Amino acid sequence: MEGGFLTISIVTSGAGFLSTFSPNYLSLVILRGFVGFGLGGTSVFLSWFLEFVPASSRGMWMIVFSTFWTFGSIFEATLVWIVMAKLNWRWVLALSSVPSFVLLFLYGVAPESPRYLCMKGRTGDALRILEKIASVNRTKLPAGVLISSRSTDKAEESTPSEDRIPLLPSLSKSSMQSKLGLSSFFMLFSSKLIKTTALLWVLLFGDSFSYYGIILLTSKLSSGESGCFPTIQSSGYLLGDSLYVNAFITSIAELPGLFLSALLVDRVGRKQTMSIMFGLAFIFLLPLLTRQSAVLTTCLLFGARMNAMATFTVASIYAPELYPTSVRTTGAGVASAVGRIGGMVCPLVSVALVNACHQTEAIAIYLAVIVVSLVCIQLFPYDTKGRELSDTAS
């Protein structure tokens with residue numbers, strides 16, 4: 001996974017900084033596209049961090065980890081708000097690339113996942129990392145021998161003894177044969193993973209469609225461009241005239257939802273947390289089927305965004321937990337990519353329908369997508385609350 005770290009850091013920081021010097025609009029679009037390409041690999045970070053956290057509190061810590069995405073949005077809105085008042089957009093892009101350069105320096109100290117190393121047969125490297133982790137935490141590793149897939153067959157032939165307790169789950173022989181016969185991508189469509197893959201794709205598509213759609217809908221109604229419904233701008237005292245202030249406030253609106261999901265995810269489980277948060281988003285959107293006042297519209301959209309973000313975050317955590325180590329990053333990454341298609345399609349709803357004075361139809365589509373997503377959540381075969389990560393597809 002370290003290679004993924006390095007690639008993401010180089011592409012994101014390099015393209016982000018070079019876009020500062022874009023001589024024309026086309027080059028700016030191309031370079032920002034590369035930035036988006038780099039950011040698309042963030043599923044690597046989720047899968048990596050996931051493999052270090054104990055099962056008992058994994059959900060909460062994964063949400064805490066994901067919350068930094070929202071903090072980044074708040075930071076960016078603040079940066080633009082301050083810099084654009086005195087300088088220009090080139091300075092905004094240059095300063096925005098700084099965190100990605102910091103990531104390059106952290107690459108050297110980020111350890112590889114011991115679980116991943118063990119799966120690859122590099123038990124010596126895995127053991128050194130585990131010993132370093134134990135040393136930092138002022139404790140000792142449990143007694144036993146760290147085994148990998150390469151020693152599984154021998155272990156199965158002999159009777160297990162007390163001093164041969166594996167520190168990590170081992171890979172089965174059938175799993176190794178499947179890995180040799182199929183690439184990681186095509187393993188996602190194997191008989192044991194096809195249902196999970198299909199449900200995840202639909203769920204993350206619905207999450208992305210709803211979350212980014214609500215953001216665009218908020219912006220559209222805030223701008224007052226539709227001219228069909230009461231807008232946030234029409235009550236100017238609420239958010240002011242600054243686009244940057246609006247972005248700052250709406251980003252902060254996500255934090256309560258993340259806090260609530262962090263409290264629920266390890267208590268009621270991933271599936272129930274997503275169901276609760278998506279259900280609340282549905283309730284917040286439902287009154288918008290009819291014409292509401294500007295203040296109420298704003299509050300309802302903030303509530304919907306808060307819960308949609310929480311559901312999106314829990315789903316992003318749930319995805320890598322469902323896949324075995326051998327295809328975890330691939331499965332979560334592909335599902336995330338499919339989900340982004342929802343973010344690409346939603347402007348057709350938020351912008352086109354609202355511009356044509358069809359807000360009711362736009363809201364109805366969002367509600368329908370949420371219902372389909374809720375059905376998918378119930379169809380997942382199991383919840384991952386408190387479960388150890390799997391190394392096999394069984």
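The values are calculated or read from the model by the stated rules, or taken from the named source; none is laboratory data. Just so you know, these numbers come straight off a predicted model, no measurement behind them. Every residue, glycine as well, gets a Cβ built from its backbone with ideal geometry; the counts of neighbours run over all protein chains shown. Calculation scope for accessible area: heavy atoms of the full protein, side chains included, ligands and nucleic acids excluded. Shrake-Rupley method; radii C 1.70, N 1.55, O 1.52, S 1.80 Å.
A few remarks follow.
- Number of positions in the range 252-274 that are small (Gly, Ala, Ser) and open to solvent by 10 Å² or more (accessible area, probe 1.4 Å): 2
- So Phe302, is it under 30 Å from Phe186 (Cα atoms), of a type outside the set (Gly, Ala, Ser) and either open to solvent by less than 10 Å² (accessible area, probe 1.4 Å) or modelled with pLDDT of 85 or more (or both): no
- Taken together, the criteria exclude Thr313 from residues that are open to solvent by less than 50 Å² (accessible area, probe 1.4 Å) and at pLDDT below 85.
A quick yes/no check of all residues on (1) closer than 30 Å to Pro381 by Cβ; (2) open to solvent by 50 Å² or more (accessible area, probe 1.4 Å); (3) assigned by the TED database to the domain that holds Gly41; (4) in contact (Cβ under 8 Å) with a residue 24 or more places away in the chain:
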| residue | (1), (2), (3), (4) |
| --- | --- |
| Pro324 | yes, no, no, yes |
| Val327 | yes, no, no, yes |
| Arg340 | yes, yes, no, yes |
| Val345 | yes, yes, no, yes |
| Ser350 | no, no, no, yes |
| Leu353 | no, no, no, no |
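- For the range 88-110, a residue qualifies if it is modelled with pLDDT of 80 or more and either open to solvent by 90 Å² or more (accessible area, probe 1.4 Å) or not assigned by the TED database to the domain that holds Arg32 (or both), and the qualifying residues are Trp89, Trp91.
- Any hit, the range 275-291, residues being part of a helix (DSSP H, G or I), hydroxyl-bearing (Ser, Thr, Tyr), assigned by the TED database to the domain that holds Ile214 and buried (at least 20 other Cβ atoms within 10 Å of the Cβ): no
- Against the numbered list (1) in contact (Cβ under 8 Å) with a residue 40 or more places away in the chain; (2) under 30 Å from Leu322 (Cβ atoms); (3) assigned to a helix (DSSP H, G or I), Gly36 comes up short only at (1).
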